[in-house]
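Everything below concerns the one structure shown next.
The values are calculated or read from the model by the stated rules, or taken from the named source; none is laboratory data. Because the structure is a prediction, the values reported are computed rather than measured. Note: ideal-geometry Cβ built from the backbone for every residue, glycine included; neighbour counts use all protein chains shown. Surface areas here come from the heavy atoms of the whole protein model, side chains and all, with no ligands, DNA or RNA. Shrake-Rupley method; radii C 1.70, N 1.55, O 1.52, S 1.80 Å.
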Amino acid sequence: MNILMTAHRFSPDVGGIEIKSELLARIFSEKEHDVVLVTQSLVSSLAPKDDYPFCVVRQPSFSRLASLYCWADVVLQVNIEVRTLWPLLFFPRPIVIGICTWITGSNGSIRLIDMVKRWILRRSTASIAISEAIRRSSCEGSLVIGNPYRSELFKCFPGLDRQRDFVFVGRMVSDKGVDLLLHAFAVLVSNRNILREAQAQAIGEQLTLTLIGDGPEILSLHRLVNQLGISMNVSFVGTLKGENLAHCLNQHRVLVVPSRWDEPFGNVALEGAACGCIVVGSDGGGLPDAIGDGGILFISGSLEDLVSKLQMALTLSDHERFCMRSRSKTHLQRHTEQHVAAQYLAVLKEAVSVYPGKVSSHFLIDEGQSLPC
């Protein structure tokens, strides 16, 4: 098939949609499909030329975008994007639309643009939501296919000791619930210290929490750590990526995803579980889909319940930990790049097969080229 993919943001931008777009496009290409990915993200003139097994077209002109639609057998929008749909008026094609986030305003209201997107979703050949919560919120007729994770990168590294307790990965903003985590962690530290004094003996190493990431509220979080008296227990390590992030996750026992905001999915839960962490996360939005039945959910925003679930994760027996990791392993198999891409390809092939009009796949952008790069 000639597959035209659109992703508003792509490398060198960094994010979940950017990673997902690249993973899918790479595997589609490996399966010997011709793939063109259209994005609005630009690269510096000094940056090296794109080196992908598929074609990347950045900020195409109207005529270029129209010609790409004419070339395509099927169009896949990784996330719904109205601005790149207009060529369908002139070159009708089967279109599969991904839904990667809430189709609402930040306060949950339905804006005019949201109404337009929902109308488009109902008229697409097929639509794919990344979680059950997103499906219910946006288009109930959508299929649910969870996000993939980079399984070659995020995995258990042999020989690493899990000497640290809790780890958080994400932006330092209130929506991510880092302050809630610090308050809960302070309760655990206090309880541990009280127990030490009561028993007049040590009960193991001091509890540790590692915060990975950066953001506008990082200074206020530093102040909160000092106010709570846990500065000796908490480490801010800044932003980590790639193998450095995977290596750090492998040194921890529990990954905490304490988001107040209802996450559409939550790839970090997959990455943490793949690195052997027990995942504790809030029960809002699509996080339960990402965590699966090998993790522990707490009531979103509840300090008391978070404290309880962190304590539970910390005191699991070896057998309980083994069982949870076994369930996580099964869950992760459904989110490998190959498994998710195979599901997407099945939807794309079905979209082409049921499309009422015959689609020509032999339009040439330049004479002698079948792939318009």
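For 18, 217, the ranking by accessible surface with the largest value first comes to 217, 18, using a 1.4 Å probe.
Take each peptide in 304-315, 250-261, count the other Cβ atoms within 10 Å of every residue, and average; sorted highest first, the result is 250-261, 304-315. Build a GNM of the chain with springs between Cα atoms under 10 Å apart, and of 162, 123, 321 the one that fluctuates most is 123.
Give the residue from 44, 25, 308 lying farthest towards the positive end of the charge dipole for the chain; charges sit on Cβ (+1 for Lys and Arg, -1 for Asp and Glu) and the dipole is referred to the Cα centre. Highest projection toward the positive end goes to 25.
Each helix, a run of at least 4 DSSP H residues, gives -39500 (n - 2.57); summed and divided by the residues of the chain, these come to -12000 deg cm²/dmol at 222 nm.
Net charge dipole, the range 190-322: roughly 420 debye, given to the nearest 20, about the Cα centre with Cβ charges of +1 for Lys and Arg and -1 for Asp and Glu.
Within the assembled protein chains, the solvent-accessible surface assigned to residue 1 is about 50 Å², based on a 1.4 Å probe. Within the full protein context, the accessible area of residue 355 is estimated at about 50 Å² for a probe radius of 1.4 Å. Each residue was assigned an accessible area with a 1.4 Å probe, and for residue 322 the value is about 140 Å².
A simple charge model with +1 on the Cβ of Lys and Arg, -1 on the Cβ of Asp and Glu and nothing else charged puts the dipole of the chain at about 460 debye relative to its Cα centre. Considering only 335, 319, 33, the Gaussian network model of the chain with Cα springs below 10 Å gives its largest mean-square fluctuation to 319.
Calculated on the alpha-carbon coordinates, the convex hull of the range 1-129 measures out at 117 cubic angstrom per residue.
When the chain is treated as a Gaussian network with alpha carbon springs shorter than 10 Å, the biggest mean-square fluctuation among 301, 229, 108 belongs to 108. Beyond 21 Å in Cα-Cα separation lie the following of the pairs 20/155; 176/241; 31/329: 31/329.
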